[in-house]
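Structure first, then comments.
The values are calculated or read from the model by the stated rules, or taken from the named source; none is laboratory data. Quantities reported herein were computed from a predicted structural model and do not represent experimental measurements. Methodologically, a virtual Cβ is constructed for each residue, glycine included, from the backbone with ideal geometry; neighbour enumeration extends over all protein chains shown. Remember, those area values only see protein heavy atoms, side chains included, never the ligands or the DNA or RNA. Shrake-Rupley method; radii C 1.70, N 1.55, O 1.52, S 1.80 Å.
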Amino acid sequence: MTGQNVRWGILGLGGIAATFAADLPLVPGAELAAVGSRDQATADAFAAKHGFARAHGSYAALAADDEVDVVYIATPHAFHHAGALLCIEAGKHVLVEKPITLDLATAAQLIEAARARGVFLMEAMWMRCNPAIRKAAELVEEGAIGWVSSIHADFGLQGPFDAEHRLRAPELGGGALLDLGVYPIHLAHLFMGAPASVQAWAHLTPERVDENTGILLGWQSGAVAALTCSINGESRNAASITGTGGRIEFPPGFMVPRSFTLHRPGKAPETYEFEFPGSGYQFEAAEVQRCLAAGEPESPLVSQATTLEVMSLLDSIREQIGVFYT
């Protein structure tokens, strides 16, 4: 696909689809080709508002559109697998909103299907594509804070949410873990890889999804991560990476940071700033396009191995806290 526009489609037209669509024009070479909804009127309105060329009244019609190269799957968690598989089988490259599916088994199925069909597949963990996160990872790799010993991160939303809200619906993958906990977990995984030990505790709603969860990860090196997620109270939503030679602190909003501060003994704090337009979704779209132009079947920023390792952690945590999606 070198030297040509990438024709984007969006499957599922909720709030996150609208945010992604607003950022997509910020990506050079991104063409707003088509959208798909289960309702034609919804598709027509979304396409008109965001400047997409075509609107389809079914997901199948979008998947069959020969003038679409890659589809962003923006449905609720529980429908990621079906939507992504539909597009993969139609020969489309796919960017799937996080978490890629509800569990490790179905995530592995998507990856196997993409590899068999020869199409690109990436989980839309936008945080890993963020320029501030990438720079921090580069500094840690270069030894700027020495050996990494601990990570602290939290993500909490102010509740309470009504019983009818999707965040309390087990059939939709509700709870704090998949919506919010994936960010602290991905951050810890980015800087330290897959842990050797996983311990978790949670308080569950009457619907049996987690509303307040604590996670402790441990590595053979001796490093630890203390992570929390919640849908019953707004926490700082900040993060820190501590090492033997310093510390990196991300301010509130660490999942889409525009700055971070490097602290080192005997030195003045150094703040790195990254101003950019939009909401930050353009960076994952740009990474998809870079990979397609280079002929890469997956992204090194959000590799398929990373997706599987994180999904395995999520499965382990859910088992410990007693959350099962139906």
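The set of residues in segment 238-266 being assigned to a loop (DSSP other than H, G, I, E, B) and out of contact with any helix residue (DSSP H, G or I) (no Cβ under 9 Å at 6 or more places or on another chain) consists of A238, T244, G245, P251, P252, G253, R264, P265, G266. Is it true that some residue in segment 178-185 is free of Cβ contacts under 8 Å to residues at least 12 places away in the same chain and open to solvent by 10 Å² or more (accessible area, probe 1.4 Å)? The answer is no; no qualifying residue exists.
Quick one: in segment 8-29, which of the residues that are of a type in the set (G, A, S) and touching a residue at least 12 places away in the same chain (Cβ under 8 Å) is farthest from R166 (Cα to Cα)?
Step one: filter segment 8-29 for residues of a type in the set (G, A, S), giving 9, 12, 14-15, 17-18, 21-22, 29.
From what is left, the residues that are touching a residue at least 12 places away in the same chain (Cβ under 8 Å) are 9, 12, 14, 17-18, 21-22, 29.
Numbers: G9: 25, G12: 15, G14: 13, A17: 16, A18: 18, A21: 22, A22: 24, G29: 35 Å.
Out of the qualifying residues, it is G29.
Within segment 82-97, the set of residues being touching a residue at least 24 places away in the same chain (Cβ under 8 Å) and surrounded by fewer than 22 Cβ atoms within 10 Å (Cβ to Cβ) comprises L85, L86, E89, A90, G91. Being crowded, with 17+ Cβ neighbours inside 10 Å, free of Cβ contacts under 8 Å to residues at least 24 places away in the same chain and over 20 Å from T101 (Cβ atoms) holds for only one residue in G246, G253, G214, G266, and it is G214. Whenever a residue of segment 275-287 is free of Cβ contacts under 8 Å to residues at least 40 places away in the same chain, its partners that are open to solvent by 10 Å² or more (accessible area, probe 1.4 Å) and of a type in the set (D, E, K, R), lying with C-beta atoms within less than 9 angstrom and at least six residues away or across chains, give the pairs E275/R258.
How about segment 199-211: which of its residues are open to solvent by 30 Å² or more (accessible area, probe 1.4 Å) and touching a Pro at 6+ places or on another chain (Cβ under 7 Å)?
Applying the first criterion (open to solvent by 30 Å² or more (accessible area, probe 1.4 Å)) to segment 199-211 yields 199, 201, 203, 206-208, 211.
Correct list: E207, R208.
For segment 129-185, which positions are acidic (D, E) and closer than 18 Å to V323 by Cβ? The answer is E171, D179.
Can we say G222 is over 22 Å from C129 (Cα atoms) and either open to solvent by 70 Å² or more (accessible area, probe 1.4 Å) or touching a Leu at 6+ places or on another chain (Cβ under 9 Å) (or both)? Taking the combined requirement at face value, the residue does not satisfy it. Q304 meets each of the listed conditions (1) polar (S, T, N, Q); (2) open to solvent by 50 Å² or more (accessible area, probe 1.4 Å); (3) under 17 Å from L110 (Cβ atoms) apart from (2). For segment 269-300, taking the residues that are in a loop (DSSP other than H, G, I, E, B), of a type in the set (G, A, S) and closer than 22 Å to L110 by Cα, the one that is most open to solvent (accessible area, probe 1.4 Å) is identified as G295. Contact annotation: residue pairs with Cβ atoms under 6 Å, 6 or more positions apart or on different chains, pairing a residue in segment 187-206 that is touching a residue at least 12 places away in the same chain (Cβ under 8 Å) with a partner that is among the charged types (D, E, K, R) and surrounded by fewer than 21 Cβ atoms within 10 Å (Cβ to Cβ), are A194/E309. Within the option set A21, A33, A53, being small (G, A, S) and either open to solvent by 40 Å² or more (accessible area, probe 1.4 Å) or more than 24 Å from the chain's Cα centre (by Cα) (or both) holds for one residue only, A53. Scanning segment 112-124 for residues that are in contact with a strand residue (DSSP E or B) (Cβ under 9 Å, 6 or more places away or on another chain) and either closer than 16 Å to A63 by Cβ or crowded, with 20+ Cβ neighbours inside 10 Å (or both) turns up A113, A114, V119, F120, L121, M122, E123, A124.
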